[in-house]
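In what follows, a single structure is set out as structure tokens and then discussed.
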Amino acid sequence: MSVLFVTGTGTEIGKTVTTAALAATALARGRSVAVLKPAQTGVAAGEPGDTAEVVRLAGPQVGTAELARYPEPLAPATAARRAGLPPVRPEEIAEAAAKLAASHDLVLVEGAGGLLVRFDERGATLADAARLAGAPVLVVAQAGLGTLNAVALTALALRSYGVDCPGVVVGSWPAAPGLAARCNLTDLPEAAGAPLLGRIPEGAGSLPPAEFRAQAPGWLAPALGGAA
């Protein structure tokens with residue numbers, strides 16, 4: 001795949017760190033990588049956003065692009081409206097991804113929040129952009145209780161849009177997983193209708209960048225270029 005969208009079952013579940021792990025793994029295999037953030041919310045002009053965090057963790061070789069930035073930490077459509085700024089359209093996202101794919105082996109498109117968060121007043125979502133781009137969507141999920149329903153709903157939504165889901169990555173795998181998390185290793189693939197393709201260790205984003213890059217391939221399955 002040359003373009004891969006990354007979504008989550010919610011906010012603050014490890015999408016950006018997972019994106020960084022994907023980028024670091026691809027770079028380790030000699031591939032060129034770009035990360036596209038269609039809408040960065042909750043970050044003021046001049047402040048580092050999610051793409052800067054990916055570069056910090058994965059390496060300065062990562063190319064980046066950001067289509068819009070809104071200062072309030074809200075859904076992109078709401079943040080754009082309140083800021084009096086234009087929203088990001090799915091056509092713009094698909095076009096930007098295609099342009100980056102022309103000069104990079106892998107383009108990672110990191111969404112905002114969950115799959116069906118609105119990007120504009122028409123109700124367009126990341127799923128609309130992925131469908132236009134003809135690209136699959138990787139789902140990042142929580143480890144423990146409650147994640148099966150969220151993953152099943154996200155996978156169902158992707159199928160309704162006709163978008164492929166290659167699998168699920170647990171965005172923050174605890175050092176001492178509880179019963180629900182351990183059982184979810186078996187149950188997540190059934191809920192998603194797609195394989196479990198990785199587990200990012202809890203606190204991975206706090207590792208020194210060199211250590212993060214060295215360890216990242218071991219967190220991901222071969223289908224994502226890893227060795228897990």
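So, in the stretch 112-127, of the ones that are part of a loop (DSSP other than H, G, I, E, B) and more than 15 Å from Arg81 (Cβ to Cβ), which residue ends up most open to solvent (accessible area, probe 1.4 Å)? Within the stretch 112-127, the match that is most open to solvent (accessible area, probe 1.4 Å) is Leu116. Candidates are the residues of the stretch 54-108 that are open to solvent by 30 Å² or more (accessible area, probe 1.4 Å), among the β-branched types (Val, Ile, Thr) and under 17 Å from the mean Cα position of the chain (by Cα); the one that is nearest to Pro217 (Cα to Cα) is Val55. The single condition among (1) touching a residue at least 60 places away in the same chain (Cβ under 8 Å); (2) open to solvent by 10 Å² or more (accessible area, probe 1.4 Å) that Val139 does not meet is (2). Identify, from the list Ala77, Ala101, Ala83, the residue that is at pLDDT 95 or above and within 22 Å of Glu12 (Cα to Cα). So the residue among Ala77, Ala101, Ala83 that is at pLDDT 95 or above and within 22 Å of Glu12 (Cα to Cα) is Ala77.
Screening Leu188, Leu196 for residues that are surrounded by 17 or more Cβ atoms within 10 Å (Cβ to Cβ) and within 16 Å of the chain's Cα centre (by Cα) leaves exactly one candidate, Leu196.
Scanning the stretch 1-53 for residues being among the hydroxyl-bearing types (Ser, Thr, Tyr), buried (at least 17 other Cβ atoms within 10 Å of the Cβ) and either out of contact with any Gly (no Cβ under 8 Å at 6 or more places or on another chain) or under 21 Å from Pro87 (Cβ atoms) (or both) gives a total of 4.
Of all the residues in the stretch 199-214, those that are open to solvent by 70 Å² or more (accessible area, probe 1.4 Å), in contact with a helix residue (DSSP H, G or I) (Cβ under 9 Å, 6 or more places away or on another chain) and farther than 13 Å from Gly14 by Cβ number 2.
The values are calculated or read from the model by the stated rules, or taken from the named source; none is laboratory data. Keep in mind that what you see is a predicted model, and the values were worked out from it rather than measured. Backbone-built Cβ (ideal geometry, glycine too); neighbour counts: all protein chains shown. Side chains are part of the model used for accessible areas, which takes the heavy atoms of the whole protein and leaves out ligands, DNA and RNA. Shrake-Rupley method; radii C 1.70, N 1.55, O 1.52, S 1.80 Å.
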